[in-house]
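Only one structure is covered here, and it is reproduced in the block below.
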Amino acid sequence: MMRVGSKFRLQTKTDLSFSDFRVLSLLYQPLIGIDGFSLYVTLTHLSKSISELKHQALFDILNLTKDNFISITEKLEAIGLVETFVRDETDYIYVLKPPYSAKKFLIDTFLGTYLESEIGDKNLKILLEIFKVKELDFYGYENISKTFDDLYSFRVKKLLKVDFKLEERNGNNTKLIRNSIDYNMLIEKLPRALKTPSLFNENFKQKIIQLAYVYQFSISDLIEIFKESAKNGSDLNIEAINFRAKLYYANQNKDIYVEENKLSDEEKIATLPLDTIVQKFVLGDHQQKAMALSTINDFINQTEIDLGVLNILIMFILKNKNGELPHVNYILKVWKSWQNSGVSSISDAISHQEQIEKKWKNKKSYSNEPKVNKPEWLDEYLKEIQEMEG
């Protein structure tokens, strides 16, 4: 509960352009209302000139009550324009996210469908014409533009490293998960009572797709999890779904199954489900394996990592921790070390772990311990994975 006299600070990732404001006024405003549009724009302008402000001052500026403000802010959160952080119910931080482009809003997310349901097909067609791009006819023309490598020879071992946040244009930390569920089909099959506006929030959508990938859930699995999460009239939120997903997975006694394929080792690693890795290499019962997947899910939420690299990282840690996955903070530290060493692709990750293993073996060769010739850890794991495939 927001306390009397509470204060807030604002953070933005980038300045808004004319195109951003046009998308806000024509596409977002029908969903968030005039009050939502006014609050978002006001906070955007305040973020450039005021470091800290009391909520009551903002209420007075916009002629709002506290309850009105909370209700409007929740709409902005649900639509992906605002993230709210609170400490001790008196200190708030509002992170303002830039709106999506018209194309992403209307086509690449479910917000376009949501907008159509609110304003009707006829009005949507009017808006589509406004955002329609008039393209020139390029028939008969040849693209003679130079690429970077046409003009320059450039070699680098690491990407540029900066120890602070920089401006960025993406409104949300969207993660593209391979081989996951058909989200549209999930919404269609959900019971009517569970179809809430939060389903159209891009962050919410990506969290659900991510859960399906990490735990290898089917649409029917997710529907059962949604039902459990909404029992006793509870609101459908990602925290409850995460909790129920972990319990649901722990209660299932799934057989491991990997489809036969003819992929290279790197491709095989990139497409290997995390569920398979955890089932095979995490020691313990289903509860411990569910906890491991939950930890991995928490790690994914805090990073931007290629899924193939993630698989290498998790297998490496499990191998060297004897089948026990440590706390997420430990995994974050290992990943930070790998990033600092220039790891960004599967081949980078494989080369890096081989260098680490080589250093460890060299250290052991100077000790009095007897040398044991073991195959490379990745070869061992690939052999076991092939055995799982039959």
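The values are calculated or read from the model by the stated rules, or taken from the named source; none is laboratory data. Computed from a predicted model, the values in this text were never measured in an experiment. Note that each Cβ is placed from the backbone with ideal geometry, even for glycine, and that neighbours are counted across all protein chains shown. Remember, those area values only see protein heavy atoms, side chains included, never the ligands or the DNA or RNA. Shrake-Rupley method; radii C 1.70, N 1.55, O 1.52, S 1.80 Å.
Given H placed 1.01 Å from N in the peptide plane, which residues other than close sequence neighbours of residue 6 have an amide H under 5 Å from its amide H?
Answer set, sorted by chain and number: 55.
Between residue 344 and residues 5 or more places away or on another chain, which pairs have amide H atoms under 5 Å apart, with H built 1.01 Å from N, and which residues are they?
Here the answer is 349, since their amide H atoms fall under 5 Å of that of residue 344.
Just to check, using Stokes-Einstein with a Kirkwood Rh over alpha carbon pairs, what's the diffusion coefficient of segment 1-127 at 25 °C and 0.890 mPa s in µm²/s?
For these conditions, the coefficient is 160 µm²/s.
Of the chymotrypsin sites (Phe, Trp or Tyr not before Pro) in segment 46-140, which ones lie in a loop per DSSP and count no more than 14 other C-beta atoms within 10 Å?
Qualifying residues, ordered by number: 138, 139.
Per residue and in Å³, how big is the convex hull formed by the alpha-carbon atoms of segment 185-226?
Cα convex hull per residue, to the nearest whole number: 64 Å³.
From the phi of every residue in segment 7-17, what ³J(HN,Hα) in whole Hz does the Karplus formula 6.51 cos²θ - 1.76 cosθ + 1.60 yield, where θ is phi - 60° and glycine or proline is x?
10, 8, 10, 10, 9, 10, 8, 6, 6, 8, 9
For segment 23-109, what % of the accessible area comes from carbon and sulfur atoms, probe 1.4 Å?
After summing per-atom areas, the C and S share lands at 53 percent.
Explain nothing, just compute: Karplus ³J(HN,Hα) = 6.51 cos²θ - 1.76 cosθ + 1.60, θ = phi - 60°, for every residue of segment 57-64 in order, whole Hz, x for Gly and Pro.
So the Karplus estimates, Gly and Pro as x, are 5, 5, 4, 5, 4, 9, 6, 10 Hz.
Using the Karplus equation 6.51 cos²θ - 1.76 cosθ + 1.60 (θ = phi - 60°), what ³J(HN,Hα) coupling, rounded to whole Hz, does each residue of segment 75-86 give in order, writing x for Gly and Pro?
Rounded to whole hertz, the list is 5, 5, 5, 5, 8, x, 9, 9, 10, 10, 10, 9.
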